[in-house]
Amino acid sequence: MHKIRRGDIVQVIKGRDIDKKGKILRIFPQVKKALVEGINLVKKHRRKTQQDQQGGIVSIEAPISLANLMFFCKNCDHPVKVGFTVLKDGTKSRFCKVCKEVI
Ligand SMILES: [Zn+2]
């Protein structure tokens, strides 16, 4: 079970985009990286296609190391460490180590 999942809001704690927040779009567990909305943008040249008449240079997200990200707890309004717990019905769950809120 991973600490960070798709759809989570994370804050960047290291590197060029430090302190920025974004939503996890995709996770690459093999390389311990994630795509985060609006984070680690790189400019790419794109060819004109049927769907995309504009083409040209676009900004897209590049995967960023999970080590540079921290789960952002809306309750605490702060990046926090995530813990794991097993609920009464046996399902594994994550919780914020600061406010103990189940995520
Ligand atoms: Zn919290």
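The values are calculated or read from the model by the stated rules, or taken from the named source; none is laboratory data. Keep in mind that this is a model prediction, so the values were computed, not measured. Note: ideal-geometry Cβ built from the backbone for every residue, glycine included; neighbour counts use all protein chains shown. Remember, those area values only see protein heavy atoms, side chains included, never the ligands or the DNA or RNA. Shrake-Rupley method; radii C 1.70, N 1.55, O 1.52, S 1.80 Å.
Quick notes on this one:
- The residue that is farthest from the ligand (Cβ to nearest atom), counting only those in the stretch 47-102 that are touching a residue at least 60 places away in the same chain (Cβ under 8 Å), open to solvent by less than 100 Å² (accessible area, probe 1.4 Å) and more than 23 Å from ARG16 (Cβ to Cβ), is PHE84.
- Residue tally, condition touching a residue at least 40 places away in the same chain (Cβ under 8 Å) and not in a strand (DSSP E or B), over the stretch 6-34: 5
- Verdict on ILE39 being open to solvent by less than 40 Å² (accessible area, probe 1.4 Å) and modelled with pLDDT of 95 or more: yes
- Scope the stretch 49-91; condition under 22 Å from ALA34 (Cα atoms) and among the basic types (Lys, Arg); matching residues: LYS74, LYS81
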